[in-house]
Structure formats: C-alpha cells, structure tokens
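A short worksheet on the structure shown next.
The values are calculated or read from the model by the stated rules, or taken from the named source; none is laboratory data. Worth saying up front: this structure is predicted, and the values here are computed from it rather than measured. Virtual Cβ from ideal backbone geometry, glycine too; neighbours counted across all protein chains shown. Ligands, DNA and RNA are stripped out before the accessible areas are found, and what is left, the full protein with its side chains, is counted by its heavy atoms. Shrake-Rupley method; radii C 1.70, N 1.55, O 1.52, S 1.80 Å.
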Amino acid sequence: MKHLYSILIALTLNSATITTHAAESTIPQQKQVSGYYQYQAGDVQITALFDGTNFMSPSLFKDIPQQQVHEILKKYYADQEKGVQTSVNAFLVNTGKSLVLVDSGAASCFGAHLGSVLTNLKASGYQPEQVDTILLTHLHPDHVCGISKDGVANFPNAIVYVSDDEAKYWLDPKQAAKLPKDKQANYSGTVEKIKQAIAPYQTKQGFKTYKLGDDIQGFKVINTAGHTPGHFSYALKTKGENVVFIGDIVHSHTVQFDKPETAIEYDIDPKKAVQTRLKQFANFAKNGQTIAAPHLPFPGIGHIYSQDGKSYQWMPIHFKD
Ligand SMILES: [Zn+2]
C-alpha cells in the first residue's frame, strides 16, 4: 500500500512537471528571412520580391456557391482563419542589358501588411537606382503604388510603362461619368492613388504607354484584358525558357485553378476575365511556359498543368540554392 501511494505521488508530480514545462515552452515566433527569391531562367535572372500577404474574403469569388468555395479551400489546406491567404509579389528581371521591375506592390496604399517590395529589392543586393524599366500589368494600387513614396519616385532612373487602354481607362477625366453611379466613388479613390504614384514619373517624361505588337526591352506585350480594361501580360524569351509575367489573370491557386471559370469581385469585366484565364491557362498548360504571378503563393513562379483541360493545377518551382 505504501508502495502504491508513492507511485501515485510520483505520477502526480510527474504530470505536474510536464504541465508546467508545456506552459513555459511557448516557442517565440521567429522573424522570417527577407522576402526575395532568385530564379535563373536561361540567361536571365528573375528575383521574386515579396510585398506582403493579403487576406481575401471567400465571398469575393463570384457565381460559385460559398459551400463549394469552402470545400475547395479545405481540400487544399488553405488557411482560412483570417480569410484566403494571398501573396502580393513583384518581379525584378535582370536581362543582362536591362534591369526591369514587373509590377511594384502596394506600398502604403492598402495598409502596413503590404509594402515590402522596396526593402526586399535592396535586401536582394540591387539598388532602386539601377532599375531602368518598370512594366505594369495594370494600374490597380497593389501593382502601381510601389513605384513612389510621398510624391517621390522610388526608382528615379526608370521609365514606367503601361498599356494605352489601361492609361485611358484610369486617367481619362470623362471615364468616371461613364460608370454606374455605385461604382464611381470606388473608381475615383483608385484613380487618386494611381495619379499620386505616377506623378513623379510624368513630370520627367518617365511615364509611357504601349500598344499591342510593341516590344519593351525584349518583353512581348500580350493583351489579357478583363480584370481591367487594359490589362496586359509580358512574355520574355530566354535561352531555353519562355517566361510569362501574367499579372492578375488569376488570384487564387486553389479556387480559380480547380474552377477556372470563377471570377473575382476585383474583375472589372468578370466575363472577359474568365475568358482570358481559360484561354491563357489552356495555352500555358499546352506550351509549358514558366509563369511568374503576382498573387500566387510567393515566390509565385511555377507551371500550370491540366490533366483534363477543364481544371488546372499550380506546380510551384522547387527551392534551389
Ligand atoms: Zn492585384
């Protein structure tokens, strides 16, 4: 009996020790390494730059039952605690002749959770003064705001390019009146952010537009309108590899790959945005281009695969040291 009693005491003490230990051993959260990733594509070096993480509401997906959205997110183990985790990425491309930034992140246009592109660019070993060309896929603030800060150009030696159609849509003063009343306030708010971002480039003739068929520093422009009226992607042929900087033809590596016919609230012309995605995804799955995407999980570089031509899979590149 005495023996059993001492075992009980020992057990009690032991479990008490474990409990205390567990309470004390909360592991402090470590800071991540800088958000840049270098990828060699043939004779070209691409540095993916992380701007931050956005959490999208699952209700932003259009014309799909919410139940189905949640089923897909669950299937992909997508973190839904704060919304759908979505990266914001930009890409710095060293072609050997030119240093080109494709999109630029949100800077302070959407809050403190975004805006790390400039810091990560410097951390990657480059200086903003070295950037000579900026290619914007479109003028939404999470792509354009990063080019300047408080009216000063972040990339003082760069020429900024956007499509003619895109510039017209956002910068034509008559455009707002053409929109439905309920969309006008949102449109005007976005226009203000765009104007502020591009102003320092405009004053020194550093803001230019292009048309289909143009080529900028070896990048071929591809019309991928729908998400915005002048949305363009950029294709770059390197030695042995074709890379396409797709912009916002897709926002989700889960829902919009499983069900590519799903539009998102941010699409200005949802029907056209879906048509564009279906057309481009079919092309990428067939031809195997390397994809660089601003809203797929960082670094947002990989390939698009389809088994049946209806649904798709995102194949991210492997980490390579
Ligand atoms: Zn975007």
Study note, to complete from the structure: Checking Thr254, Thr276, Thr262 in turn, the sole residue that is touching a residue at least 12 places away in the same chain (Cβ under 8 Å), away from the ligand (no atom under 14 Å from the Cβ) and within 17 Å of the chain's Cα centre (by Cα) turns out to be Thr254
Check your understanding: Does Gln175 satisfy being open to solvent by 100 Å² or more (accessible area, probe 1.4 Å), touching a residue at least 12 places away in the same chain (Cβ under 8 Å) and in contact with a helix residue (DSSP H, G or I) (Cβ under 9 Å, 6 or more places away or on another chain)?
Key -> no
Point to revise | Residues located in segment 140-163, provided they are of a type outside the set (S, T, N, Q), farther than 20 Å from Phe50 by Cα and within 16 Å of the ligand (Cβ to nearest atom) | key: Val162
Practice item. Determine whether Gln85 is part of a strand (DSSP E or B), more than 19 Å from Thr137 (Cβ to Cβ) and modelled with pLDDT under 95. Key: yes
Practice item. Select from segment 222-276 the residues that are among the β-branched types (Val, Ile, Thr) and part of a loop (DSSP other than H, G, I, E, B) and list them in ascending order. Key: Thr224, Thr228, Ile246, Ile249, Val250, Thr254, Thr262, Ile268
Practice item. Please tell me if Lys183 is assigned to a helix (DSSP H, G or I) and either of a type in the set (A, V, I, L, M, F, W, C) or touching a residue at least 24 places away in the same chain (Cβ under 8 Å) (or both). Key: no
Exercise for review: Taking the options Lys75, Lys82, name whichever one is open to solvent by 60 Å² or more (accessible area, probe 1.4 Å) and out of contact with any Phe, Trp or Tyr (no Cβ under 9 Å at 6 or more places or on another chain).
Suggested key: Lys75
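Matching residues to (1) outside any loop (DSSP other than H, G, I, E, B); (2) in contact with a Lys or Arg (Cβ under 8 Å, 6 or more places away or on another chain); (3) surrounded by 14 or more Cβ atoms within 10 Å (Cβ to Cβ):
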position: Glu129; (1), (2), (3): yes, no, no
position: Leu139; (1), (2), (3): no, no, yes
position: Asp165; (1), (2), (3): yes, no, yes
position: Tyr201; (1), (2), (3): yes, no, yes
Practice item. Could you tell me whether segment 281-289 includes any residue that is open to solvent by 50 Å² or more (accessible area, probe 1.4 Å), more than 16 Å from the ligand (Cβ to nearest atom), touching a helix residue (DSSP H, G or I) at 6+ places or on another chain (Cβ under 7 Å) and not in a loop (DSSP other than H, G, I, E, B)? Key: no
Exercise for review: Select from segment 228-251 the residues that are over 18 Å from the mean Cα position of the chain (by Cα) and buried (at least 24 other Cβ atoms within 10 Å of the Cβ) and list them in ascending order.
Suggested key: Leu236
Review point. All but one of (1) at pLDDT below 95; (2) closer than 17 Å to Val117 by Cβ hold for Val152; which doesn't?
Key: (1)
